[in-house]
Amino acid sequence: MGFLDGLKKNLGFDKLEKDASGRPSEAPQEGADASTGEMVQSLPPEPSAEALAAPDPAVPDAGAPAAGAGQVTEVVVEADDTLSGIAMQFGVDLDALIAANADTVPNPDHIYPGQVLRLP
């Protein structure tokens, strides 16, 4: 799964319903109001104050290290990935990512799917 596919999944765009033309449709109608016969749509419940205050585990904290202290995290390059995209996705500095992989990536402009990169 590429960066944009993961982003679409995290934001819920992969669950949009499509109409007959293949375009995303509005939120699905849930049923008719018995008193008026009008179509009504149910809305998701409002999040609680605790849920709003808690950090989202799916979003990496840009200020936090990519892994535990002293632990190296590796990333497998997927099709259409770039070093700058990977750096942005994991919240690391691009120059630090290039330096951490200088021994296995001699040219930062050429990475390939399946290649394993270390995150600084």
Using the structure shown, decide if P113 is over 21 Å from G6 (Cα atoms), in contact (Cβ under 8 Å) with a residue 24 or more places away in the chain and either in a loop (DSSP other than H, G, I, E, B) or within 15 Å of the chain's Cα centre (by Cα) (or both).
-> no
How many of the residues making up the range 63-113 are surrounded by 10 or more Cβ atoms within 10 Å (Cβ to Cβ), at pLDDT 90 or above and polar (S, T, N, Q)?
-> 5
So G37, is it farther than 26 Å from D5 by Cα, assigned to a loop (DSSP other than H, G, I, E, B) and modelled with pLDDT under 90 = yes
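The values are calculated or read from the model by the stated rules, or taken from the named source; none is laboratory data. What you see is a predicted model, and the numbers here were worked out from it, not measured in a lab. Using ideal geometry, Cβ is built from the backbone for each residue, glycine included, and neighbour counts are taken over all protein chains shown.
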